[in-house]
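Below is one structure, written out as structure tokens; comments come after it.
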Amino acid sequence: MIERKEIIEMLAIDNDQELEQLFAKAYQVKTENVGNKVFYRGIVEFSNICTKNCLYCGIRKDNKNVDRYEMTDDEIIEAAMWAHDSHYGSVVLQSGERSDAAFVNRINSLLKSIKKRSNGKLGITLSVGEQSKETFERWYEAGAHRYLLRIETSNKELYKKYHPENHSYDTRLQALRNLKKTGWQTGTGVLIGLPGQTVEHLADDILFFKDFDVDMIGMGPYIVHNDTPMKSYSDSVYPENNLNLALKMIAVARIVLEDINIASTTALQAINPTGRELGLRAGANIIMPVITDVKYRSNYLLYEGKPCLDENAVQCRSCLERRIATAGESVGYDQWGDSPHYYRKRQIRSHNR
Ligand code: SAH
Ligand code: SF4
């Protein structure tokens, strides 16, 4: 087991040579444990309506400068089928958080429709925030099998600082536990480079992932959105630093957790056009191409500078393929690309029983 002290040292690396060594080591751990295929999850950002008010987020409820939208069922299914026909293997359905009955029922029937239309072939990940245990059970039954719910930061004080009073760290953690109990491949992650966040906090985030025994990680740099209360901190946020720190977090997560899935997130690309390729070189093995219709993209801005707002899914597909080849990787088309860790730990458990 790698000690906290070593994790802190890796995250604090600031010279180019040591950084290259860190990325090379992470890349080696990646190829040994999950190979060098990248798996796609086409992400459909189907609604920006959110009942929450996370202080960093551009689509928070109180931001009045956002045109709220909701894609129709047909549009969502069509986007999912486009991913299927393009051999993407999986989709992620993501939105702001709602937990009213109409929303829960709608997701349930959408999951069933997508499963039916793709003959059960398309893998579905959900990322729609905190829900009750019953809802998680229903949606799992309906056919989704992976869920992304970032803890955002594993440090309770920081969590409190960047969320309103009625957003609870403990509730979020409990939701993650419920997902795991229900059988979901469970993914979490953190924002990297929040004002006041130290390498010690980030090392504890890595230890949190390990201790929670996560199957997947999706994490990325914090990027300021000017219509949020956190705009006032923008002078203390350095995008290049946050990108570097995020790449180091990917590398260290790979070295410590070995056989999990790690996403190279779009936020990396928002800071540097080649950010996602750098993420793959640092140990990530998942890419989530945005397949949301162009007419909605500019209203799903969690942060400023989101790339590819005017490129449709077809344009993104050919652009991505070039980028991935540049990174020396190939794409695992038509495969779910599940977390090897999820299956390995289950085998060990059933073996022990
Ligand atoms: N509403 C769901 C899913 C959509 S938000 C949820 O919150 O879980 C998806 C992720 O966007 C969040 O987990 C958060 O980490 C990230 N995000 C929000 N605002 C951001 C910002 N300003 N910079 C970088 N990432 C941000
Ligand atoms: Fe809503 Fe998610 Fe943004 Fe929080 S991070 S305000 S839950 S969309």
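The values are calculated or read from the model by the stated rules, or taken from the named source; none is laboratory data. Since the structure is predicted, the reported quantities are computational estimates derived from the model, not experimental observations. Reconstructed Cβ throughout: ideal geometry from the backbone, glycine too, with neighbour counts over all protein chains shown. Note: areas computed on protein heavy atoms with side chains; ligands, DNA, RNA excluded. Shrake-Rupley method; radii C 1.70, N 1.55, O 1.52, S 1.80 Å.
Roughly how many Å is it from the Cα centre of the stretch 74-109 to that of the stretch 6-35, as a whole number?
Each part reduced to its Cα centre gives a spacing of 35 Å.
List the lysines whose alpha-carbon lies under 17 Å from that of LYS133, not counting same-chain residues fewer than 8 positions away?
LYS180, LYS181
At a Cα cut-off below 17 Å, give the aspartates and glutamates reachable from LYS116, other chains included and same-chain residues fewer than 8 away excluded.
ASP73, ASP74, GLU75, GLU78, ASP85, GLU141, ASP334
With the crude spin-label approximation of a point 7 Å out along Cα→Cβ, what separation in nm comes out for GLU32 versus LYS64?
Distance between the two pseudo-spin positions: 5.7 nm.
Give me the 1.4 Å probe accessible area per residue for the stretch 231-348, excluding ligands and nucleic acids, in Å². Let's see the in-between values first.
Details: 4880 Å² over 118 residues.
On a per-residue basis, the stretch 231-348 sits at 41 Å².
Note the full-extension length gain between ASP310 and LYS25 as 0.36 nm times their separation in residues minus their Cα-Cα distance, in nm to one decimal.
Details: separation 285, 0.36 × 285 = 102.60 nm, distance 3.66 nm.
Gain in length upon complete extension: 98.9 nm.
Testing the spin-label approximation: label points 7 Å from Cα along Cα→Cβ at ARG117 and SER236. State their distance in nm.
Simple spin-label model gives 4.7 nm for this pair.
If ASP204, ASP85 are ordered by their accessible area, calculated over protein heavy atoms with a 1.4 Å probe, which sequence runs from highest to lowest? Mind showing how you got there, number by number?
Numbers: ASP204 55, ASP85 105 Å².
The most accessible residue leads, giving ASP85, ASP204.
For ASP170 and ALA12 in the same chain, what is the full-extension length gain: residue separation times 0.36 nm, less their Cα-Cα distance, in nm?
Numbers: separation 158, 0.36 × 158 = 56.88 nm, distance 2.90 nm.
Gain on extension, ASP170 to ALA12, equals 54.0 nm.
Which of the GluC sites (Glu not before Pro) across the stretch 251-353 are loop residues per DSSP, with 13 or fewer other Cβ within 10 Å? List each step's numbers first, then the result.
Values: sites: GLU258, GLU277, GLU304, GLU311, GLU321, GLU329; in loops: GLU258, GLU304, GLU311, GLU329.
Counting only loop positions with at most 13 other Cβ atoms within 10 Å, none of the GluC sites (Glu not before Pro) in the stretch 251-353 qualifies.
Cross-link candidates for LYS160: which aspartates and glutamates have Cα within less than 19 Å, leaving aside residues fewer than 8 places away along the same chain?
Partners found: ASP62, GLU97, GLU130, GLU152, ASP170, GLU200, ASP204, ASP205.
How much of the DSSP bridge set in the chain is antiparallel, in percent, rounded to the nearest 5? Write out the running numbers ahead of the final one.
Working: 1 of 33 bridges.
Expressed as a percentage, antiparallel bridges in the chain total about 5.
As a quick test, which of the pairs LYS30/LYS121; LYS61/LYS295; LYS52/LYS121 have an alpha carbon distance above 29 angstrom in this structure? Please report the intermediate quantities before stating the final value.
Values: LYS30/LYS121 26 Å; LYS61/LYS295 21 Å; LYS52/LYS121 33 Å.
Cα-Cα > 29 Å for LYS52/LYS121; rest within.
R0 = 22 Å: FRET efficiency of ILE49 with LYS295, Cβ-based, nearest 0.05? Walk me through the intermediate numbers first.
On the way: r = 16 Å, r/R0 = 0.74.
So, using R0 = 22 Å, E works out to roughly 0.85.
Take the Cα radius of gyration of the stretch 235-353 and divide it by 2.2 N^0.38 Å, with N its residue count; two decimals is plenty.
Values: Rg = 16.5 Å, N = 119, 2.2 N^0.38 = 13.5 Å.
Against the compact-globule rule of thumb, the ratio is 1.22.
Anything in the chain that counts as a DSSP H helix reaching 30 Å or more along its axis (C-alpha) with Kyte-Doolittle mean of at least 0.5? List them, would you? Numbers along the way, then the final one.
Details: long enough: none.
Answer set is empty.
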